[in-house]
Each structure stands twice: as structure tokens, then as C-alpha cells.
Amino acid sequence: MTATPRSFSHIGLSVPDLDAAVKFYSEVMGFYVLMQPSEIVEDDSAIGVMCTDVFGPGWKHIRIAHLSTADGIGIELFEFAGNHAPEDNFAFRRHGTFHFAIQDPDLEGLLEKIIAAGGKQRMPVREYFPGEKPYRMVYVEDPFGNIFELYSHSYELTYSAGAYA
């Protein structure tokens, strides 16, 4: 039996400054703020117990905010007590998540806004099918070291043409 495709719900990002991250992701990326920054403490409340289940005992407190993309995908931002930047924020050979992607038909315009807000462009803008289709991509970094990709067109359009030439 073939599995039914599921919807993507949200991604969680760890940031060093929650207020600055909410500002970046709402003002630069245009995401909706669903829940302003809130503090959660390690206690026996429902959310406290859930966090202990996830992080284990001793996490003490976190700050969290929830945002949403235009198509309803959640961006969950966390500021953990004692957070620190990784030595390598692009450990692509390590198993696990190493990026996510955001789609904007004005990829270059969004790229300029990201750079102006303290983010980084990690590569030149590239075309998937030069001279054939206008599908473009670029890897960027938010001001907090989280790496993501910008796409000019939907994932389905970009990859429906088949194998790479």
C-alpha cells in the first residue's frame, strides 16, 4: 500500500536573540507572528512537562515565538538558556536537517533584504535550467547563522522536469 503524502507543519529554529529573530522573520521574510515571544519555565504545567519530555530535565527556561508563512507553514523560534553557535553551521555531511527553503518569485529582491538585515549570501544565484526555465535558487544565512535556500518557483515545478542534465 502506498503511503499518503502528509503536509509539512513547521520547523523549529534555535536563535541567540528571540526578539531580533521575530523582527527579522516578520519584517524581512514577511511571516505572520502568531504568538509573540513568551517564556516557558521548567515546571509541572502542560507545556513545562512537554518541554521536559523533549529536552530532558534541567532545561530551566526557554523563550519561544510562533510565526507562519503565507501558506500556513509554521516557523517556531526558540531562544534557549546558555545557547551557543555551532563550530560549523553548515555541517551538511552530518546526518540530520541542514537547511530549509523559502519560495519567493522575487528571489533577488528578498536576497537584498536578507543581506541588508545582516544575513549572508552563501553562493551566487543559480538557474536550474539556464535558457529554458526561469527557476532560480540561492543559499543564504539569517543573521543568526541558520542556513536556508531561496527558490523562485515551487518545489513541484522545479523538479517535475526530471533528472538533472
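For the chain, the relative contact order is 20 percent, taking Cα pairs closer than 8 Å that sit 6 or more residues apart in sequence and dividing their mean separation by the residue count. Result for the chain in a Gaussian network model with C-alpha springs under 10 Å: among His66, His84, His153, the largest mean-square fluctuation is at His84. Qualifying chymotrypsin sites (Phe, Trp or Tyr not before Pro) in region 52-133, where qualification requires a DSSP coil assignment and no more than 15 other C-beta atoms within 10 Å, comprise Phe90, Phe92, Phe98.
Please determine, in degrees from 0 to 90 and to the nearest 10, the orientation of helix 107-116 with respect to the longest principal axis defined by the Cα atoms of the chain, where the helix direction is its Cα long axis. Tilt of helix 107-116: around 40 degrees. Accessible surface for region 1-131, divided over its residues, is 67 Å² per residue with a 1.4 Å probe. Gln103 sits among other residues whose Cβ lies under 13 Å from its own Cβ, and their net charge, with Lys and Arg +1 and Asp and Glu -1, is -4. Using the Cβ-Cβ distance between Arg94 and Ser9 with R0 set to 35 Å, the FRET efficiency works out to roughly 0.90. Loop-located GluC sites (Glu not before Pro) in region 1-108 (DSSP state not H, G, I, E or B) with no more than 14 neighbouring Cβ atoms inside 10 Å: Glu87. Taking the chain on its own, what percent of its Cα-Cα pair distances exceed 30 Å? Across the chain, Cα pairs with separations above 30 Å total 24 percent. For Lys60, the aspartates and glutamates whose Cα comes closer than 18 Å to its Cα, not counting residues fewer than 8 places off in the same chain, are Asp17, Glu39, Glu42, Asp43, Asp44, Glu79.
Computed over all pairs of different Cα atoms, the Kirkwood value for the hydrodynamic radius of region 98-164 is 12.3 Å.
Maximal additional length on extending the Ser45-Met1 stretch stands at 11.8 nm, based on 0.36 nm per residue less the C-alpha distance. Helix 46-55 and the longest principal axis of the Cα set of the chain meet at an angle near 60°. Projecting the alpha carbon convex hull of region 1-92 along each direction and taking the average yields 8.7 nm².
Look at the alpha carbon pairs under 8 Å that are at least 6 residues apart: their mean separation over the length of region 8-82 gives a relative contact order of 43 percent. The trypsin sites (Lys or Arg not before Pro) found in region 75-132 that occupy coil by DSSP, while having at most 14 further C-beta atoms within 10 Å, are Arg93, Arg94, Arg122. Note: relative contact order over region 69-165, using C-alpha pairs below 8 Å and six or more positions apart, is 26 percent. Taking Val28, Val15, Val54 in turn, the Gaussian network model of the chain (Cα-Cα springs below 10 Å) assigns the largest fluctuation to Val54. Approximating the spin labels as points 7 Å out from Cα along Cα→Cβ, the Glu156-to-Leu34 distance works out to 2.2 nm.
Surface composition of region 8-82: carbon and sulfur atoms hold 57% of the protein heavy-atom accessible area at a 1.4 Å probe. Per-residue SASA remark: Thr4, around 100 Å² accessible (1.4 Å probe; ligands, DNA and RNA not included). Cut-off 10 angstrom, C-alpha nodes, Gaussian network model of the chain. Which of Ile147, Ile11, Ile47 fluctuates the most? Judging by the Gaussian network model, the answer is Ile47.
The values are calculated or read from the model by the stated rules, or taken from the named source; none is laboratory data. Keep in mind it's a predicted model, so treat the numbers as computed, not measured. Cβ atoms come from the backbone with ideal geometry, glycine included; neighbour counts cover every protein chain shown. In case anyone asks, the SASA skips ligands and DNA or RNA and just uses the protein heavy atoms, side chains included. Shrake-Rupley method; radii C 1.70, N 1.55, O 1.52, S 1.80 Å.
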